[in-house]
Structures are given as C-alpha cells and as structure tokens.
1. Scan the helices (runs of 4 or more DSSP H) fully inside segment 196-284 and keep the ones with 3 or more residues being more than 23 Å from the chain's Cα centre (by Cα).
2. When residues of segment 285-314 are filtered for being farther than 21 Å from VAL242 by Cα, in a strand (DSSP E or B) and of a type outside the set (Asp, Glu), how many remain?
3. If I go through segment 143-159 residue by residue, how many of them are aliphatic (A, V, I, L, M) and either in a loop (DSSP other than H, G, I, E, B) or at pLDDT below 95 (or both)?
4. Every residue in segment 303-324 that is open to solvent by less than 30 Å² (accessible area, probe 1.4 Å), farther than 13 Å from THR155 by Cβ and over 12 Å from the mean Cα position of the chain (by Cα), please.
5. Across segment 20-32, what is the total count of residues that are in contact with a helix residue (DSSP H, G or I) (Cβ under 6 Å, 6 or more places away or on another chain) and touching a residue at least 40 places away in the same chain (Cβ under 8 Å)?
6. Could you give me the residue pairs with C-beta distances under 7 Å whose first residue belongs to segment 312-326 and is on the phi > 0 side of the Ramachandran plot and touching a residue at least 40 places away in the same chain (Cβ under 8 Å), whose second residue is aliphatic (A, V, I, L, M) and outside any helix (DSSP H, G or I) wherever it lies, and which are 6+ apart or on separate chains?
7. Suppose we keep only residues that are open to solvent by 10 Å² or more (accessible area, probe 1.4 Å) and in contact with a helix residue (DSSP H, G or I) (Cβ under 6 Å, 6 or more places away or on another chain) within segment 116-128. Which one would you say is farthest from THR87 (Cα to Cα)?
8. What residue, among those in segment 14-50 that are open to solvent by 20 Å² or more (accessible area, probe 1.4 Å) and closer than 21 Å to SER83 by Cα, is farthest from the chain's Cα centre (by Cα)?
Amino acid sequence: MREVKVQLFGFGNVGRAVARVLLEKERFFREKYGVEFRVVSIADTTGTVWLPEGIDLREALLVKETFGKLSAWTNDYEVYSFSPAETVKEVEADVVIDVTNDRGAYEWHMKALNEGKAVVTSNKPPLAFHYAELIGEAERKGLPYLFEATVMAGTPVIGLLRENLLGDSMKRIKAVLNATTTFILSRMEQGIDFDGAVKQAQELGIAERDPSGDVLGIDAGYKATILHCVAFKPITFDEISVKGIAEVTVDEVKRALSKGKRIRLVATVEDGNVRVAPEEVSGPLAVSSNENVAVVESDLLGELLIKGAGAGLKETASGVVSDLVKASLKLR
C-alpha cells in the first residue's frame, strides 16, 4: 500500500466535495489502486490546519460547515497564518491540490513544483496566463501537473486531448463551456429579460453574487485558452477575443428560436485563433441546464462529440480526484 500525502488549498464547496470523495471512496482507492491518501494540510481564507500524521477529514468538514471557517478549529489543531507559498514550503507532501480561485496561484504552483510536489488544480487563471511556464517547469522536474477540472468539470476533455488522440492533428474545437450563461439564455427563451434571468440564476446558486466573470465571457475565455494550449500550442488569455452575453436581448433569443436555433455562448478554438461570443446554434451545441459540450475535429478521427456536466460539486470533484489518482500513480 502506497501512502500519498496531500495538501488541499481551498475548503469551500469544491474543496469539501473533494474531501467527501476521499472519505467515501477510501476503500475503493486502496483496493483498486493500492493508494491511501493522507491529507496533511487544509487551507481556507482564514488559515491553514497542518497535521503531519493526517487530518481527520470528517472533523474538518464538521468544523467548516458549523463555523464557516477553519480558524474556529482551535481545540484540537493549531491554525497557522501561512501564505500559500509558505505552506507549500513548510508542509511535507507529495501532491498539492488547488481548488481556489486565487489568480496569483501561478507563483505557488511554481513553488510546489520546485519543491518536488505534483500539482492538481481546478484553478483556471494560472493556466490561462502561464501555461507554458507551468508545464515547462513540470516537465523539467518530471512531475505531474494536472488540470482536468479547469474545463468541463469532470467531463474528460483535457484527458482526451493530452493523453489520447496523440497521433491526430487538431483542426478545430467548437464548445459551450459555461453553464451559467446557458441557464440565463434558457430563461430568456421563456421571455424573461437578461437582468431577471441573472437574478434567478443567483437565487438558485447558479450565478455568483458578482456574475461578471460568466456573463462577460471571462470564464469561458479562460477555458477556451486552456483548450488551445492543450490542442495546439501555448497562448495566453490576453491574446484571445471575448464577447459575453450581456448585450443579448430577448428579441434576439426569440428570433433564433423562430429559426429552430438557440443562442449560446460558443468558444471557437483554432490554431492561433480563439474567440468566445454568442452564436445561433442548433444540434449538439444547443445544450441546456448545466451541460457543457465540445465538438472536436481532427485529421484522423474526424468529428468527435464530448458532452457532460460542466458544473456541479460532485462533477468537479470527479475531475480533481481523478487527477489526484493519476498523479499518485505517476509518482511511484
């Protein structure tokens, strides 16, 4: 049995979903992969809990869900005020998991790689702005740097492009990558105006309090940038074209419906060219609910459709934990 020591950064909804999977499937990981995961540190915005012999995940979940912060866990554990970079340096571990939204995480991802640790992340900006540097450093160190959950949650489009289709040259990817905008546009199809649809999405927890990252196309742009980096060559978010759905009207949505089409926020990814914009679509791109879809075109396979949940806690945790298993097996 191989023990793998894990650092977990981020203990919000996704971080807790990852912790639950590690608890609930502990026996499964032992029996199928011969791996036992030991979480030695957990960090949220209030502090870092660190225990070399392993943190009780049930207790960690109880504290977070009862008090809303790890810093309340003062009876049994010392809570440290480390920065992420300090935590990476101080805590002995094999794999760093980042499920935060820290735009500056690039620096401590690099620190983790320099310290000889594999990295698993669902955090998009580090890759959207620093893909070449991060992957280059991981290759130089011979370490896994895995990021399935950055695009389409647990639906394995990144694994498909990085680990399969290795003899194929990509031609184009057309994809709907943001479930929040799909929800908003679906509500507009029912005659609800943009502001009302956004409000409904917020009330249901589908949109953030500040929905700008979704409705302005930034989230989809990050994901499209990452797809280009994997399918073609490294670029940065600053090099792509992004237009969100904020200017889409109910009349435009209704006009598309009258033609048997739907307006969706579509990412088009071609070699050297990435654009995100609302488009009238039909067929597989006309998704609903929290579905994401990507139509991948290559020279050998032709057109491949990959479709699945692009949001959700279990779904995102699936991508993160799958990468954690991959990283653990590669570190042997």
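1. 250-258
2. Result for segment 285-314: 8.
3. Here is the first cut: in segment 143-159, the residues aliphatic (A, V, I, L, M) are 143, 146, 149, 151-153, 157-158.
From what is left, the residues that are either in a loop (DSSP other than H, G, I, E, B) or at pLDDT below 95 (or both) are 143, 151-153.
So the answer is 4.
4. Listed by number, the list holds a single entry, LEU324.
5. Looking only at segment 20-32, we keep the residues that are in contact with a helix residue (DSSP H, G or I) (Cβ under 6 Å, 6 or more places away or on another chain), and these are 21, 23.
Filter once more, keeping what is touching a residue at least 40 places away in the same chain (Cβ under 8 Å): 21.
Within segment 20-32, residues that are in contact with a helix residue (DSSP H, G or I) (Cβ under 6 Å, 6 or more places away or on another chain) and touching a residue at least 40 places away in the same chain (Cβ under 8 Å) number 1.
6. Partner pairs satisfying both residue conditions: GLY312/ALA153.
7. LYS124
8. TRP50
The values are calculated or read from the model by the stated rules, or taken from the named source; none is laboratory data. In this text, all values refer to a predicted model and were calculated from it rather than measured experimentally. Positions of Cβ are generated from backbone atoms using ideal geometry, with glycine treated the same way; all protein chains shown enter the neighbour counts. For the accessible areas, the whole protein counts, side chains as well, though only heavy atoms, and no ligand, DNA or RNA atoms are used. Shrake-Rupley method; radii C 1.70, N 1.55, O 1.52, S 1.80 Å.
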